[in-house]
Every structure is written in structure tokens, then in C-alpha cells.
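For reference, the structure is listed below as C-alpha cells.
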Amino acid sequence: MADVKWNREQNIAIHASAKDILVAAAAGSGKTAVMVERVVRLILSGVPLEKMLIVTFTNASTAEMKSRIRRALKSGIEKSDDPEERRIFREQLDALATADI
């Protein structure tokens, strides 16, 4: 989804086939961006937010995660040429308020 050049480790986290993953890295390493990318890809693969549990370490990081997911979903709505994809993004944008983050 994002037009970002991910490094090897980031790509592994984004595309991991495991349902449960832990992303741990130093501050400023792109953890939140990687997790947002993974969430968007999971959504597009048919996993709704209501089936996800996303754990962060602080209330501030939770707010940041929700904000970035919101931006990614809105961007998907605006940029996608696929009506079904836009519908999915709209539904998940509505579900974000009650997501387990």
C-alpha cells in the first residue's frame, strides 16, 4: 500500500505469514509504519480490525497507531480504483473507533 522502500527486517514483519508477531526495535526505526502497513495488508486480505489485537506500550503510542491507521485507510479510500477495496477501507475506518489497540 505505502510507497515506501522497506528494509529486509521490515519486509519480514509486514509479510510474515504468522498470525501473531512481535515487532521490537529502537525508537525511530519505523515500527509504527511497519505495523500500519501490516494492518492495511491484513485488512485487504480479509482480516477485519475486529479480529486484530494490536498492543503498544503507551497510551500515546496507541493514539499514534490509531491516527496512522486512520490516515492509511482514508488514503486507501481516496487512491484506490477498486470499489470493493474502497468499501472495505470505509468499513474498517468506521470500525477503528472500537478496535482493540
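How much of the accessible area of the range 12-58, probe 1.4 Å, is carbon plus sulfur, in whole percent? Roughly 60 percent of what the probe reaches on the range 12-58 is carbon or sulfur. Extension gain for the segment Asp20 to Glu85, taken as residue separation times 0.36 nm less the Cα-Cα distance, is 21.0 nm to one decimal. Note on Glu9 and Leu42: the extension gain reaches 10.1 nm, defined as 0.36 nm multiplied by sequence separation minus the Cα-Cα distance.
Hull volume per residue, based on the alpha-carbon atoms of the chain and their convex hull, is 100 Å³. The peptide list 31-39, 46-54, put in order of mean Cβ contacts within 10 Å with the highest first, becomes 31-39, 46-54. Compute the long axis of helix 31-44 from its Cα atoms, compare it with the longest principal axis of the Cα atoms of the chain, and write down the angle in degrees, 0 to 90, nearest 10. Approximately 30 degrees, to the nearest ten.
Compared with the dominant Cα axis of the chain, that is its longest principal axis, helix 83-95 is turned about 60°.
The values are calculated or read from the model by the stated rules, or taken from the named source; none is laboratory data. Every value quoted in this text rests on a predicted model; they were computed, and no experiment measured them. A quick note on method: Cβ atoms are made from the backbone with ideal geometry, for glycine too, and the neighbour counts reach across all protein chains shown. With ligands, DNA and RNA removed, areas are computed over all heavy atoms of the protein, side chains included. Shrake-Rupley method; radii C 1.70, N 1.55, O 1.52, S 1.80 Å.
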